[in-house]
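Notes for the one structure printed next.
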Amino acid sequence: MLLHLSDLHFGTEKQECLTAIEKFCQEHQPELIVVSGDLTQRAKFVEFYKCRQFLDSLNIPYIVVPGNHDISLYNLWNRFFSPFTRYQFFFGELEPKLETEHFFIVGVNSIRRRYHTRGYISLEQIQRTNEILKLAPDQKLKLVVLHQPFYTPPDDSHGVKDCPVLGRMALENWSKNGLFGVLHGHLHQTAVYNLTQIFHLKVNHPVYDIHAGTATSYRLHKGLPNSFNTILNDGRIQHYWFDEQAQNFVLHIDSAEKTTKMFE
């Protein structure tokens, strides 16, 4: 099992959600944790410190990438000349990769000062990720993690128009090397979309756009609960929502039924 967290936004974190994630990890022992950006609310030293402490305390291998909140908003000097200094002090590489028994994860940094919300992927990043995916074992689920999604529903934004710059080109290349899906956050809501259909990719398998909600922040989207995703070893995707009464993350049944049918 892979545990997909996003938009932790330390600085606005809810202790009850942190405790519930710790409990979930103790009970289910995920193979790895993937965090798709926005570790902090305002890229402050203390926020990064608390986030690193929390992730280390779970005692599970993890991989993280930055989100648009992980570069300074108000300190213009840091924003323009050293935007990732604090992030790298605590988490090192901006584009790590992680391989476990059932999963192969490639991190991509989509954060740019000029494309603060939409995100950007360069030709160099496309090629680098392509080469890594080519070498990844075919029997493992190949996933790319970056902060901004490749598709957003039209009622929330502009569909494929808000895809990161060069995102379509990235998908056309990565999909040919066995990409199973792309893990995102950013929108603070859970969703799964078939990018093969949306972008008319020339491959004979689905490539999934997998959105995670905010796992721990008070900054909720339209009253949706805190949430996270899991991906099972057979590729089934499930959403867990935080139950305020139970003070626990519980499987969202509607989404579980949909994703089970998706893979039948």
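Just so you know, all these numbers are worked out from the coordinates, no wet-lab data involved. Keep in mind the model is a prediction, meaning the values are calculated, not measured. Note that we place each Cβ from the backbone using ideal geometry, even for glycine, and neighbour counts take in every protein chain shown.
Scanning region 78-126 for residues that are surrounded by fewer than 12 Cβ atoms within 10 Å (Cβ to Cβ) and within 22 Å of residue 171 (Cβ to Cβ) yields a count of 4.
Considering each residue of region 121-152, count those that are in contact with a Phe, Trp or Tyr (Cβ under 7 Å, 6 or more places away or on another chain) and among the β-branched types (Val, Ile, Thr), and give that number.
In the first step, residues of region 121-152 are kept if they are in contact with a Phe, Trp or Tyr (Cβ under 7 Å, 6 or more places away or on another chain); the result is 129-130, 133, 136-137, 140-144, 151.
Imposing the further condition that a residue be among the β-branched types (Val, Ile, Thr) reduces the set to 129, 144.
Adding up the residues that qualify gives 2.
Residues of region 6-49 that are surrounded by 23 or more Cβ atoms within 10 Å (Cβ to Cβ) and in a loop (DSSP other than H, G, I, E, B): 6, 7, 8, 9, 37, 38, 39, 43. Tell me whether region 229-241 contains one or more residues that are farther than 24 Å from residue 37 by Cβ and not basic (Lys, Arg). The answer is yes; a qualifying residue exists.
Among the criteria (1) over 14 Å from the mean Cα position of the chain (by Cα); (2) on the phi > 0 side of the Ramachandran plot, the one residue 119 does not fulfil is (1).
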